[in-house]
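A short worksheet on the structure shown next.
The values are calculated or read from the model by the stated rules, or taken from the named source; none is laboratory data. This structure is a prediction, so every number in the text was calculated from the model and none was measured. Note: ideal-geometry Cβ built from the backbone for every residue, glycine included; neighbour counts use all protein chains shown.
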Amino acid sequence: MYKIIFTQRALKDWEKLSRENQNRIAKKLKEYAEEPLKYARKLINPKIGTYRFRIGDYRVIFDVNGENIVILRIGHRKEIYK
């Protein structure tokens, strides 16, 4: 089981989400923490991060650092890659 760590930027993104979306994303992150690379896609441009999770219309950009999943950004798919 990997430990999930949020960066300051990810926490700001998290606070902007509705409670409903926060709950849905949190539930999926707990599920994905078992085997993150099984559910993740590697990003083409690693400038914003290495991997992403797709949770509905939202994307969670993250890196894997040892036994930690470091959440870098959370956002809607239309805006996250800009």
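Would you say TYR51 is under 18 Å from ASP13 (Cα atoms) and aromatic (Phe, Trp, Tyr)? Spelling it out, TYR51 is indeed under 18 Å from ASP13 (Cα atoms) and aromatic (Phe, Trp, Tyr).
The conditions of being acidic (Asp, Glu) and closer than 18 Å to GLN8 by Cα are met by ASP63. If you go through segment 16-62 and keep only what is among the charged types (D, E, K, R) and under 9 Å from the mean Cα position of the chain (by Cα), you end up with ARG52, ARG54, ARG59. Criterion applied to ARG9, ARG73, ARG19 was being buried (at least 18 other Cβ atoms within 10 Å of the Cβ) and not aliphatic (A, V, I, L, M), and the one residue passing it is ARG73.
Taken over segment 1-46, residues that are under 21 Å from GLY66 (Cα atoms), part of a helix (DSSP H, G or I) and among the β-branched types (Val, Ile, Thr) amount to 0. In segment 21-38, the residues that are more than 18 Å from GLY75 (Cα to Cα) reach residues that are loosely packed, with under 14 Cβ neighbours inside 10 Å with C-beta atoms within less than 8 angstrom, at least six apart or across chains, in these pairs: ALA33/MET1; ALA33/LYS3; GLU34/MET1.
If you go through segment 47-74 one residue at a time, how many are modelled with pLDDT of 95 or more, among the β-branched types (Val, Ile, Thr) and not in a strand (DSSP E or B)? Residues flagged as modelled with pLDDT of 95 or more, among the β-branched types (Val, Ile, Thr) and not in a strand (DSSP E or B) within segment 47-74 amount to 1.
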